[in-house]
Amino acid sequence: MSYRIESIELYVREMPPDRMVFGIGKADQTGKAKSPKSRRPRAILLTRLVLQSEDVGMVTGCSGDRPSFGWLDKRPDKAPEEKLSLLLNLVEEARKIYLECGRQFDSPFALWLEAEQKVKAKASELGAEELMGSYASALFERAVIDAFCIAENTSFYSAFRKNLFGIVPGEVHPQLTGFDITSVVPDVPGSSFAIRHTVGLSDPITEKDWPEDKRINDGEPETLEAYIERDGLQYLKIKISGNPDADLSRLGKIWNQCLVGRNDPKVTLDGNEAYTDIAAFASFVERFEKDLPGLFDHTLFIEQPLTRALTLDPTTIPHVRRISRKKALVIDEADGTTDAFRRAFAIGYSGCSHKNCKGVFKSLLNYALCHHFEDATGREAFLSAEDLSNMPMIPLHQDFEVVGALGLLHCERNGHHYAFGLSHLTREEKLAVMREHPETYHTKDNEVFLSIREGQLSYNSTAAGFGSGAKPRWDALTGFQEWREREGA
């Protein structure tokens, strides 16, 4: 069957101020989190794509993501305003590329393969980071997937299970030539996920850490201790700063005051490229194992400890392989190209983060690589579900669709900690979300929140489309160009 993209429109959902300050990545010399003010604007980019199908006619798909330019591009010589403008320019260029490549296509995978390469070339031409190119392409890739699934009257999982997307793994990874991707799809999609609660560098740990004059008093937990108690959390994702003394002190406090005595807690660490020296990171791991053996044993993996350039540097092989024998290592920001995971695995890394903002087909192919690597080498290979930025409704729901289809059991999923429920949505949108996913949300004090019970959240969708049966109220959003002009971006 032949398809055609008729139009793509860009919108912005303007977000209220965060209820909590979030500290990510590196710390200052005292070990405190650096200011997060320049990470991203208070906004979610949304796309509305109209697809023409030979059999069905016109259908509409959508996608969305926060424009997290500070995570996508960490180059210190570029100002935040320059990074945001570069990202938005690249998004506009990617829109044009998808319109051009989408004039006629036979499968979403074939369209993505062509468009992705052109977006990456445009990113290079504009001087953007590779990860930013992935983001720009993935924003429209998801809208295509949504519209395609609606046109085919299928869920995302079913389309993956039957390979309706037309995925040909060997066209991206030569070692997967002839690989049948449907052979590794779980028999049923996951519908219950353990929430891996992110602990930012600025987050107060215990109730005693949080004086009355700093409290929000909005009825939601404000400390890690309170969140663990209320939501029954078993999984945590703890940010580290690159300052070993400060990090180990904070990790010890979390372990001793919040986790000791709980039933088999699980932890991951996230460096967000904090370490610029492989030997320094190796020393941290050695100290971590020696000083906090209990927490070390309950740590599943360490995510992106090194800068993205250093991560894929072959000279780090001896260190990385020695460290990975103690603790599995995962790449995230270094995953800027379709071949990044296989390069990292060759160096000694075990895992790669799944994030929709880096590309859905990329994750599905990385999932196939995991099976290939384990069969070929006997080494562990896995994907982890990450992304603090996912918010209801479109970004969060679409990510749950992929996490479920990949059979991942736990996921970083507490962007809601820094916002107040679904206060960013209109009343009509909240009602639509509640109707579509009553198991995922609950109402409290006239606001809608995610329903996390005993550390688990349920999400189940068999409806046609890519997790977006409830569409945004487009008339309640801001036009992309209008928002850019107002923001001076």
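Laboratory data are not the source of any read-out in this text; all were calculated from the coordinates shown. In this text the structure is predicted, and so the values were computed from the model without any measurement. Here the Cβ is made from the backbone with ideal geometry for all residues, glycine too, and neighbour counts use every protein chain on show.
Observations on the model:
- Efficiency of FRET from Cβ geometry, residue 447 and residue 298, R₀ 35 Å, rounded to 0.05: 0.55
- Rounded if a/c under 1.5, otherwise prolate or oblate - segment 394-435, Cα gyration tensor axes: oblate
- Once both labels are positioned 7 Å from their Cα atoms along Cα-to-Cβ, the gap between residue 309 and residue 380 label points is 3.1 nm.
- Shape of segment 181-458, Cα gyration tensor, a/c cut at 1.5: oblate
- Taking 7 Å steps out from each Cα toward its Cβ at residue 1 and residue 262 produces label points 4.6 nm apart.
- Think of each Lys and Arg Cβ as +1 and each Asp and Glu Cβ as -1; about the Cα centre, that makes the dipole of segment 181-458 roughly 660 debye.
- Under the Debye formula (equal points on every Cα, no solvent term), log10 I(q)/I(0) of segment 112-168 at q = 0.14, 0.24 Å⁻¹: -0.45, -0.89
- Sparse-neighbour loop sites [chymotrypsin sites (Phe, Trp or Tyr not before Pro); segment 354-415; at most 13 other C-beta within 10 Å; DSSP]: none
- Annotation: extensible slack from residue 213 through residue 187 equals 4.2 nm (criterion: 0.36 nm per residue apart, minus Cα-Cα distance).
- Over all pairs of different C-alpha atoms in segment 356-441, the reciprocal of the mean inverse distance, the Kirkwood hydrodynamic radius, equals 14.6 Å.
- Helices in the chain that qualify as membrane-span-like (whole DSSP H runs, Cα extent of at least 27 Å along the helix axis, mean Kyte-Doolittle hydropathy of 0.0 or higher) are 130-151.
- Segment residue 85-residue 56, extension gain: residue separation times 0.36 nm, minus the distance between their alpha carbons: 6.6 nm
- Amide N of segment 353-374 lying under 13 Å from the label point, which is placed 7 angstrom from the Cα of residue 175 along Cα→Cβ: 366-374
- Segment 165-182 and segment 267-285 have Cα centres separated by 34 Å.
- Overall form of segment 383-489 per C-alpha gyration tensor (a/c, 1.5; a/b vs b/c): prolate
- When the listed pairs 362/471; 83/358; 239/355 are checked against a 22 Å cut-off, the alpha-carbon distance exceeds it for 362/471.
- Residue 230 versus residue 487: modelled label distance in nm, points set 7 Å from Cα along the beta carbon direction: 2.9
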